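Peer 1: Shown below is the structure under consideration.
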């Protein structure tokens with residue numbers, strides 16, 4: 001027990017005598033510059049990102065190239081009119097309404113624009129008929 005006490009006393013005295021690094025006060029402590037935060041970073045200080053790796057020849061990049069469709073053509077505007085058939089309408093009456101006259105040529109013109117009409121004497125109420133200019 002005496003040995004432990006003596007050893008402890010010697011260690012304490014040796015540390016206090018042999019230690020020359022004594023803290024004098026807060027004014028003598030140097031901590032260095034403060035650590036950088038996100039607000040202190042300047043984007044110009046960062047190096048540029050590396051370029052993407054070159055896939056090399058014959059490597060599928062996953063990008064599909066669509067063929068060039070060529071010039072876009074728009075069909076010419078038609079001035080065709082749509083007539084909805086009413087009770088007692090005939091193709092001859094529709095010709096008189098839109099053309100001011102009725103004859104076989106004008107009826108044939110309407111029939112050509114409406115392939116669903118196979119007989120000029122058979123049209124149905126509510127049917128939509130294209131009347132070309």
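The numbers here are math on the coordinates, done by the rules we state, and not lab data. On a predicted model such as this, the values are computed, not experimentally measured, just so you know. Note that each Cβ is placed from the backbone with ideal geometry, even for glycine, and that neighbours are counted across all protein chains shown.
Peer 1: Looking at the range 92-115 only, could you name the residues that are surrounded by 10 or more Cβ atoms within 10 Å (Cβ to Cβ), part of a loop (DSSP other than H, G, I, E, B) and within 48 Å of the chain's Cα centre (by Cα)?
Peer 2: 114
Peer 1: Based on what the data block shows, is residue 81 surrounded by 10 or more Cβ atoms within 10 Å (Cβ to Cβ) and without any contact (Cβ under 8 Å) to a residue 24 or more places away in the chain?
Peer 2: Working: surrounded by 10 or more Cβ atoms within 10 Å (Cβ to Cβ): yes; without any contact (Cβ under 8 Å) to a residue 24 or more places away in the chain: no.
Criteria not met by residue 81.
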